[in-house]
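Structure first, commentary second.
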Amino acid sequence: MTDTETMPIEDYLAKGGRLTSPDNVPARYRGELLRLMASFVDSELAGSAGFAGVINDAPGIQERISAARIVLEKTDHAGQVLAVMESFGADGGRYAVHHPWADRLPRDADIGAERREGDMRLSVFHYPLQGWVDAVVMNVLMGKAGVIQLRELSHVSYQPLAEVFHRILPRETRHLELGLAGLERIAASPEARAVALASIAYWTPRVAASFGHSGSARYATLARFGLRHTPNETLLAEWQADVDAQLGALKLL
């Protein structure tokens, strides 16, 4: 007999157990797993669509190449996780086009961590970019958040998805490095620096909201299933410390 046949599923998962097939996934677990995957896929598709719109704002060839690479790879990452969703019956072809991923709210909107009308993207991806400097700042702040969140997700209890996140993490880390290189150049220009400071003030609370609420009841549910391991507030604190260190080094605080 397997461990899942001799103990309750939540106990098995709490002890670090892994599930490997849609066939042995309980209904509640399946629902939470699909929601988690949909949030990632929608965020990657929306993020890549938004960044695609600023490629032509890039100040040089190398910057355009970096931006195009980020757009390509984020779309590919969405496709990799969508393939796992398809093993649960999701219609991948329809899914990728069921929302206008480039649509954005007005710049002055404030929706907190709210999801909208079946679109599972993180709320930060509902806000528009305003030019190259703004896009670089957002890429750095959200890139750092994404790396922290992917480290957490790479330990999910559904093994095929954990393996996908392990493959994606190094490329998302590279996206952050490209953003930091661009931000370093921006910080050296007095004119661009002023724009960057305004963008940092704009994006910081919106990226922070992507970590979710402190003491979240949903986090407790995900933790019981082994789909989360670190509380929202702990991940947020790690992000804030890393961002403060990086921006401080560039004298952008």
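The values are calculated or read from the model by the stated rules, or taken from the named source; none is laboratory data. This is a predicted model, so every value here is computed, not measured. Counting neighbours? That spans all protein chains shown, and the Cβs are built from the backbone with ideal geometry, glycine included. These area figures cover heavy atoms from the full protein model, side chains too; ligands, DNA and RNA do not enter into them. Shrake-Rupley method; radii C 1.70, N 1.55, O 1.52, S 1.80 Å.
Summary of computed values
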| read-out | value |
| --- | --- |
| Karplus (6.51, -1.76, 1.60) ³J(HN,Hα), θ = phi - 60°, over the range 228-236, in Hz, Gly and Pro reported as x | 9, 9, 10, x, 3, 5, 6, 5, 4 |
| The range 180-253, accessible surface, carbon-and-sulfur percent (1.4 angstrom probe) | 62 percent |
| In the range 91-134, trypsin sites (Lys or Arg not before Pro) in a DSSP loop with at most 12 other beta-carbon atoms within 10 Å | ARG107 |
| Correct option for log10 I(q)/I(0) by the Debye sum over Cα atoms at q = 0.07, 0.11, 0.13 Å⁻¹ [calculated from the coordinates] among (1) -0.25, -0.60, -0.82; (2) -0.34, -0.67, -0.84; (3) -0.22, -0.55, -0.79 | (1) |
| Helical mean residue ellipticity (222 nm; -39500 (n - 2.57) per DSSP H run of 4+; nearest 500) of the chain | -21500 deg cm²/dmol |
| Accessible-area ranking of HIS155, HIS98, largest first, probe 1.4 Å | HIS155, HIS98 |
| The range 156-167 - phi-based ³J(HN,Hα) in whole Hz, Karplus 6.51/-1.76/1.60, Gly and Pro as x | 4, 7, 8, 4, x, 6, 4, 5, 5, 5, 4, 6 |
| Value of relative contact order over the chain, rounded to a whole percent, pairs C-alpha under 8 Å and six or more apart | 23 percent |
| Extension reserve of the LEU105-ALA220 stretch, reckoned as 0.36 nm per residue once the Cα distance is removed | 38.3 nm |
| Unit charges on C-beta of K, R, D, E only; dipole of the chain, Debye | 160 debye |
| Computed magnitude of the charge dipole of the range 1-138 (debye, nearest 20; Cβ of K, R +1, Cβ of D, E -1) | 140 debye |
| Rounded accessible area per residue of the chain, 1.4 Å, Å² | 46 Å² |
| Residues whose placed amide H lies under 5 Å from that of LEU19, excluding near-sequence neighbours | TYR158, GLN159 |
| Distance between the range 41-118 and the range 123-187 - C-alpha centres, whole angstrom | 12 Å |
| Per-residue HN-Hα couplings for the range 40-52 [Karplus 6.51, -1.76, 1.60; θ = phi - 60°; Hz; x = Gly/Pro] | 5, 4, 4, 5, 5, 5, 5, x, 5, 5, x, 6, 4 |
